[in-house]
1. So with the 1.4 Å probe, I'd like the accessible area per residue for region 16-76, rounded to whole Å².
2. Which whole number in µm²/s is D for region 163-265 by Stokes-Einstein, with the Kirkwood Rh taken over Cα pairs at 25 °C and 0.890 mPa s?
3. When the chain is modelled as a GNM with alpha-carbon springs shorter than 10 Å, which of Pro251, Pro124, Pro19 fluctuates the most?
4. Give me the mean projected area, in nm² to one decimal, of the convex hull enclosing the Cα positions of the chain.
5. Once R0 is set to 25 Å, what does the formula 1/(1 + (r/R0)^6) return for the Cβ-Cβ distance between His89 and His250, expressed as a FRET efficiency to the nearest 0.05?
6. Only bridges with both residues in region 134-265 count here: give the DSSP antiparallel percent, nearest 5.
7. Quick one: angle between helix 77-104 and the longest Cα principal axis of the chain, in degrees between 0 and 90, rounded to 10, please.
8. Might you report the magnitude of the Cβ-based charge dipole of region 154-260 about its Cα centre, with Lys and Arg at +1 and Asp and Glu at -1, to the nearest 20 debye?
Amino acid sequence: MQRKYLRAGEFGAAGRLSPKALRRYAELGLLPPAHVDPVNGYRYYSPDQLPRARLIARLRRLGLPLARIGQLADLTPEARALELRGWLHAQRTLLDERAALLEAIRSDGGETVLVDAVGLRDVPATKVLCRSRHVDTGGLDDLIHTAGNDIRAHLRDSGRPDGAPLHVHFHDLVTPDSEGLVEVAVPYDGSVEPADDLYARLLPAHTEAYLPVPAGYHDFPLVLRAYDAVEAWTDARPEVTCVGHPYEIHPGTDALFDVAYPVST
């Protein structure tokens with residue numbers, strides 16, 4: 001004859017959950033006890049809850065966050081299997097991207113052919129019209145394209161030239177699984193009123209170390225080698241110090257784009 005309730009220790013052992021995990025899941029409403037003694041506060045669980053407990057334990061071993069586990073546990077087996085197949089596909093894609101990133105990282109701090117192409121130039125103070133977003137690498141191209149078009153259209157509507165090179169400032173690291181703040185900007189002369197999420201700011205005069213990025217290095221993750229090359233070039237020169245976030249200039253110097261860092265000399 002089935003017992004009506006199991007003590008928390010018995011239930012946790014049968015459900016393959018530690019006492020700490022059982023308490024945590026009860027607090028989150030993921031696996032609440034079937035009965036709590038109002039006098040001593042002891043928690044009791046129904047044997048009918050064991051399949052859910054074991055499912056939660058298996059899903060947790062996959063590394064899924066608890067909020068996601070709660071959603072999956074409430075689905076039918078067919079719907080849960082479909083969701084998990086999609087999750088597994090995304091994990092495989094992420095692993096492939098990380099493998100490619102690892103392959104692109106060089107311990108020598110940059111390829112010689114790239115380092116040798118780095119140069120210095122002075123940049124005058126410049127007014128720019130901008131848009132900023134937090135994006136990962138998957139959303140980067142769309143941001144650059146859309147923001148660039150919108151900024152240039154607003155400059156034309158304001159009676160200003162719109163043909164200056166587009167700047168993409170990376171205020172944070174942007175990866176396939178990590179969003180960072182990216183600012184798209186177009187230089188302009190004269191006066192322009194901000195509109196919607198477009199804003200104006202002044203880039204102060206500075207010196208930049210720059211690299212025209214050759215073909216074959218334009219896409220992530222190989223483009224990271226271009227950044228490594230500029231960093232290696234500055235690191236090798238005690239009189240040159242990086243003093244700000246990197247940025248790209250589209251189009252570049254006889255290249256699709258340049259990678260640049262503001263530096264002091």
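The values are calculated or read from the model by the stated rules, or taken from the named source; none is laboratory data. Model, not experiment: these values are computed from the prediction. Positions of Cβ are backbone-derived with ideal geometry, glycine not excepted, and every protein chain shown enters the neighbour counts. The protein model used for the area step is the full one, side chains on, heavy atoms only, and it has no ligands, DNA or RNA in it. Shrake-Rupley method; radii C 1.70, N 1.55, O 1.52, S 1.80 Å.
1. Averaged over the residues of region 16-76, the accessible area is 60 Å².
2. Answer, rounded: 165 µm²/s.
3. Among Pro251, Pro124, Pro19, the largest GNM mean-square fluctuation belongs to Pro19.
4. 21.9
5. 0.15
6. 100
7. 40
8. 260
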